Every structure is written in C-alpha cells, then in structure tokens.
Amino acid sequence: MTAEMLKSIAELAKAVSWPLLVLILIVTQRKSVTDFLSNLESLTLPGGIEAKIRKKVEKETNAILKEDPRARERPSERQFEAAERIQRLANTANPSVVRGQMDDLAREYERVKATMPSGDERTRRMEVIVTKMRTLGLAAAPLLNEFAKSDSPGRRLAPVAVLEVSPNADYLDWLAKRLDAERPFIGYHAAVALEVAVHALDRADQKRIRDAIREAKGYLGPDRTGSDRWKTLDRAEKALQEAA
C-alpha cells in the first residue's frame with residue numbers, strides 16, 4: 001500500500017469520524033441537547049424569554065379551548081396543568097416579564113369592553129382573555145396584592161383570574177366584594193374563584209369561605225337569584241355544606 005493510499009484512507013476516516021461522533025453525542029446526551037436548544041431559543045428568539053412565555057401561553061390557551069370551549073367560563077383540569085407548565089417556564093424569567101404580560105391582557109380586556117358592543121361575541125373575547133390570565137395565574141401569584149389594589153378594572157380582573165387557579169384564604173373577603181364593586185363579568189369570575197376555593201382550601205378555612213359566599217350573595221340581592229353569579233355562588237355553598 002503506497003503512502004498516498006494511506007494518506008487517503010486517513011483523510012476518509014477523519015471525515016467520517018466527526019459526523020459519527022456528533023451522532024453518538026446526540027443519541028447519548030439527548031436530554032442535555034434538548035435543554036440546550038430550549039435555552040438557545042430563549043436567547044435567540046426575538047424578545048427572548050418574554051416572547052417564549054407569550055408564545056407558550058397562546059399555545060396552551062388554544063389547546064384548552066379546543067379541548068373544551070366551556071373552559072373559558074371556569075378552569076378545567078387542563079387549565080391547572082397549563083398554569084403549572086407556565087409557572088416552571090416563568091421561573092427562569094424576571095418577575096417583570098409576567099407583570100408586563102398580565103398588564104397587556106388587562107389593557108386588552110379594557111379595550112374589548114370599551115370598543116365592542118355588549119353581546120355574546122364580546123363576552124367570548126373577554127373569556128379568552130381570562131383564560132390567558134389563568135394560564136399565567138400561578139406565575140403571577142406573587143403579584144396578587146399589587147394587582148388587587150389597582151384602580152384599573154383590567155388589572156383587578158387579573159387577581160380574580162389568579163385566584164381561580166391559585167386559591168388564597170386571605171383574599172376570600174376581597175373576592176366577595178367584587179360582586180358589589182365590579183361589573184357582572186368580573187363578579188362572575190369572582191364567584192367562580194370562591195367555588196374553586198371550596199374544593200381547594202383547607203377545612204380550617206370553611207367558615208371564612210361560607211362567610212364570603214354569604215357576603216357575595218348579599219351584594220347581589222334576591223332579585224339576582226337567576227343570574228350566573230348567583231347560581232355559581234349557590235353551587236359553591238351547597239358543595240361547602242356537603243364537605244362539612
């Protein structure tokens with residue numbers, strides 16, 4: 001075998017070895033490669049992690065509503081799972097990213113409410129916004145107090161949506177007061193949040209939940225017994241009695 005042939009074989013082996021090595025690394029280190037590509041997307045995607053969270057919230061919301069269109073009105077099991085996934089993703093971001101996206105949704109709610117005529121289509125659009133807020137809900141839970149004190153109706157809707165997926169006994173009275181202080185749309189979701197609290201909070205909180213439900217019913221008055229808000233509160237009260 002000539003020296004020239006030996007050189008050609010060596011070059012061929014060198015050319016083949018690198019792709020083979022890369023293939024072996026991909027197969028054996030698949031999880032690490034996946035994590036690397038995921039992190040790379042956060043760095044290279046326009047807007048970075050903020051864009052990634054926004055894209056993920058949109059995708060999760062579409063999946064939730066495709067599976068069950070009525071999930072706009074109250075949180076489904078898939079809604080809670082989606083909120084957990086977004087929370088894990090948001091843990092890698094600055095809290096200002098979640099705050100900014102909640103603010104965007106709050107402004108969108110106010111814009112829809114102000115520009116669209118009252119009716120089913122406007123309600124449907126607002127329900128989609130609430131679904132997105134709930135999907136961000138666990139990630140936004142540390143911002144509850146900030147949003148609850150806001151003068152903006154859209155920003156006050158945000159903590160109601162958060163409490164639909166992350167019940168907090170310290171906000172039961174605040175939720176009850178939404179049935180008096182807010183328009184019916186926010187009041188309805190406050191009632192849903194109280195119903196969720198019945199099933200999610202500790203037995204030690206049952207008296208506080210009962211008091212909040214009765215307070216909320218008191219704000220509606222007997223002439224609203226046929227409304228969705230009253231029916232939701234009534235269902236919550238019956239569930240609480242059964243759990244006692």
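Charges were assigned to the Cβ only: +1 to each Lys and Arg, -1 to each Asp and Glu. The resulting dipole of the stretch 70-189 about its Cα centre is roughly 260 debye. I want to verify the translational diffusion coefficient of the stretch 46-166 in µm²/s; compute it with Stokes-Einstein, Rh as the Kirkwood radius over Cα pairs, at 25 °C and 0.890 mPa s. Reported coefficient: 173 µm²/s. From least to most packed, judged by other beta carbons within 10 angstrom and beginning with the fewest, Thr115, Thr232 follow the order Thr115, Thr232. Among rounded, prolate and oblate, which fits the stretch 130-241 when a ≥ b ≥ c are the square roots of the eigenvalues of its C-alpha gyration tensor, a/c under 1.5 means rounded, and a/b larger than b/c means prolate? The shape class here is oblate.
We did not get these values from a lab; they are worked out from the coordinates using the rules stated. What you see is a predicted model; the values in this text were computed from it and never measured. With ideal geometry, Cβ positions are generated from the backbone for all residues, glycine too; neighbour counts draw on all protein chains shown.
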